[in-house]
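Student: Below is a structure I'd like to ask you about.
The values are calculated or read from the model by the stated rules, or taken from the named source; none is laboratory data. Source: prediction; values computed, not measured. Cβ sites come from the backbone with ideal geometry, for glycine too, and all protein chains shown count toward neighbours. Ligands, DNA and RNA are stripped out before the accessible areas are found, and what is left, the full protein with its side chains, is counted by its heavy atoms. Shrake-Rupley method; radii C 1.70, N 1.55, O 1.52, S 1.80 Å.
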Amino acid sequence: MSSRSSESDRDPSFRFDYDPATIRFGAGSVDDLGAELEALGLERALVVCGSTVGETPTVIEPVKSGLGDRLAGVFDETSAAKRLSTALAGRDRLEAEDADAIVSVGGGSSLDVATVISVLAANGYGPAAAGRELAETGTLPVPDEGLVPVVAVPTTLAGADLSNVAGIAADPDEGPVDETVSGGVSHPDLMPAAAVYDPELVATTPDSVLTGSAMNGFDKGIETLYAANATPVTDATARHGLEKLEDGLRAFGDGDRDVGTFETLLEGIVLVQYGISRPGETTLSIVHAFGHGLTAGYDVQQGAAHGIVVPHVLEYLFEREDVDARSGMLANALGVGDAADRGAAVVEAVAEIRDGLDLPAQLREVDGPQPEEFAAVAEAILDDAFMANAPPRLEPSVEEIEGILEAAW
């Protein structure tokens, strides 16, 4: 397996515009939530989370204790479906509690709903107007002022925390739309005001949740290195982040669950996520496009979908003589830089990490598309917005994408 290592296809000039959240990191850092809100000039926070987090004392009690008298209430109704109706109910609760801040606790779904609550609080849309806007445009208007600051407290390893985008969906069974629609919001001001990474909190999350999220976060680092819009800044953070994740994920796969392992994993996640989501762009690329194609309309967790296809996507990229997928940089980050065939060594290392997490290795193992649906899925992948960030000169055909799906079957 070969891959061009030349940088000749990459423009050395770049513009890096990024306004990240304040980051608090370390064991017990949720104890300082009240102090962080005080530093931001915020008085009362509504905690937004899912029912599992809300009913798990080892997670919710440290958060409530850390907020102290700045806790306005807990809204524990988010779900993986990320419903507009949930965000509308959360906005009503926010206003009822007279809160001026939101603390999102959990995974990316809770953060997305929290972000949409902030948008709805600012734009004042009622259920009918919000449903109509989402159905007609696929998004909701984000005002230039009035957004309620969000503080993210992740309990998974997906790395969705330093982001200025959020997904949302609506279903006629839950209102306020006539047909199922999905979309999202995006605006530079939607970056969380702060993100608090506490390894002791993440350690309480079940392995079944962490493994899929970890693969998702890991792939963000891989994608950032070969993305068409990579910069020296994101190269540095993603490469070092992958080094941390390689160490932490192998230890996790070997059964190590001490706080040091979670510290290493969270360090890696923060680094690979740093700079991914910037005004008007992201470094997410072809693997995430596959993730969308394999999960839209199917009961497949995104991290599991990534784990299945990423070795095959990498193999496809590395075999393209005209494409610089930066196998050398990836190999160095994953500790296989001395291999005679760096591309093959990267594919093997990624598959080993996936297998160590006990994630599925074949599409036939999950409730996803069947082979007769691959052509339609391939077209959806090629139409995905993240394909714009594929490595320079990569212009795959539907047949080539189908070939990757078949190899993953």
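Student: Give the average over all directions of the projected area of the C-alpha convex hull of segment 331-390, one decimal, in nm². Let's see the in-between values first.
Tutor: Details: hull surface 23.7 nm².
Seen from a random direction, the Cα hull of segment 331-390 projects 5.9 nm² on average.
Student: Something else: What does the charge count around V272 come to, taking other residues whose C-beta lies under 12 Å from its C-beta (Lys +1, Arg +1, Asp -1, Glu -1)?
Tutor: Values: positive: K220, R239, K244; negative: D161, D219, E223, D235, E243, E246, E267.
Net local charge, V272 excluded: -4.
Student: Mind checking the angle between helix 57-67 and the chain's longest principal axis? C-alpha axes, 0 to 90 degrees, to the nearest 10.
Tutor: That helix lies at roughly 60 degrees to the long axis.
Student: Next question. For segment 196-327, what is one quarter of the convex hull surface built on the Cα atoms, given in nm²? Walk me through the intermediate numbers first.
Tutor: Numbers: hull surface 35.5 nm².
About 8.9 nm², averaged over all directions.
Student: Relative to the longest principal Cα axis of the chain, at what angle does helix 286-295 sit, 0 to 90 degrees, rounded to 10?
Tutor: 60 degrees
Student: Any chance you could give the angle, 0 to 90 degrees and rounded to 10, that helix 259-273 forms with the longest Cα principal axis of the chain?
Tutor: 80 degrees
Student: Counting only protein heavy atoms, what percent of the accessible surface of segment 43-197 is carbon or sulfur at a 1.4 Å probe? Could you put the intermediate results ahead of the total?
Tutor: Values: 2540 of 5710 Å².
With neighbouring chains kept in place, the figure for segment 43-197 is 45 percent.
Student: Could I ask something else about it? Determine which lysines satisfy two conditions relative to K244: a Cα distance under 29 Å, and not lying fewer than 8 residues away in the same chain.
Tutor: Counting by Cα, and skipping residues close in sequence, K244 has these lysines nearby: K220.
Student: If packing is taken as the average count of other Cβ atoms within 10 Å, what order do 394-404, 80-90, 340-350 fall into, highest mean first?
Tutor: Numbers: 394-404: 16.3, 80-90: 21.6, 340-350: 20.0.
My ranking of the peptides, most packed first, is 80-90, 340-350, 394-404.
Student: Please give the per residue accessible area of the chain, computed with a probe of 1.4 Å over protein heavy atoms only, in Å². Walk me through the intermediate numbers first.
Tutor: Values: 15780 Å² over 409 residues.
So the chain comes to 39 Å² accessible per residue, rounded to a whole number.
Student: A further question on this structure: What FRET efficiency comes out for the pair S65/A89, r = Cβ-Cβ distance, R0 = 30 Å, nearest 0.05? Numbers along the way, then the final one.
Tutor: Details: r = 26 Å, r/R0 = 0.86.
FRET efficiency, S65 to A89: 0.70.
Student: Let me ask another. What percentage of the solvent-accessible surface of segment 316-373, computed with a 1.4 Å probe over protein heavy atoms, is contributed by carbon and sulfur atoms? Present the calculation step by step, with values, prior to reporting the outcome.
Tutor: Values: 1050 of 2540 Å².
On segment 316-373, the fraction of accessible area on carbon and sulfur atoms equals 41 percent.
Student: Can you list, largest first and rounded to whole Å, the semi-axes you get for segment 215-292 by taking the square root of 5 times each eigenvalue of its Cα gyration tensor? Walk me through the intermediate numbers first.
Tutor: Working: eigenvalues 111, 35, 17 Å².
Rounded to whole Å, the semi-axes are 24, 13, 9.
Student: What number, rounded to the nearest 500 deg cm²/dmol, is the helix-based mean residue ellipticity at 222 nm of the chain, given -39500 (n - 2.57) per DSSP H run of at least four residues and division by all its residues? Please list the in-between numbers first.
Tutor: Working: 16 runs with 194 residues, N = 409.
One gets -15000 deg cm²/dmol as the mean residue ellipticity at 222 nm.
Student: Would any residue of segment 144-158 have its amide N under 19 Å from a label point 7 Å out along Cα→Cβ of D256? List them or say none.
Tutor: It comes to 157, nothing else.
Student: Using only the Cα atoms of segment 1-151, what are the Rg and Dmax in Å?
Tutor: 18.7, 60
Student: Based on Cβ point charges of +1 for Lys and Arg and -1 for Asp and Glu, what charge dipole magnitude is obtained for the chain about its Cα centre, in debye rounded to the nearest 20? Write down the numbers at each step before the final one.
Tutor: On the way: 24 positive and 71 negative charges, 125 e Å.
Computed charge dipole of the chain: roughly 600 debye.
Student: Now for a separate question. Looking at the calculated P(r) for segment 172-238, what percent of the C-alpha pair distances fall above 19 Å?
Tutor: Working: 1467 of 2211 pairs.
Result for the distance tail: 66 percent.
Student: Ok, one more. Among 218-228, 118-128, 352-362, what's the highest-first ranking by average C-beta atoms within 10 angstrom per residue?
Tutor: Result, highest mean first: 218-228, 118-128, 352-362.
Student: Separate question: About its Cα centre, what dipole magnitude does segment 171-310 give when the only charges are +1 on Lys and Arg Cβ and -1 on Asp and Glu Cβ, stated in debye to the nearest 20? Show your work: numbers first, answer last.
Tutor: On the way: 6 positive and 22 negative charges, 107 e Å.
Here segment 171-310 has a charge dipole of around 520 debye.
Student: On the principal axes of its Cα set, how long, how wide and how thick is segment 274-409? Give whole Å, largest value first.
Tutor: 41, 35, 30
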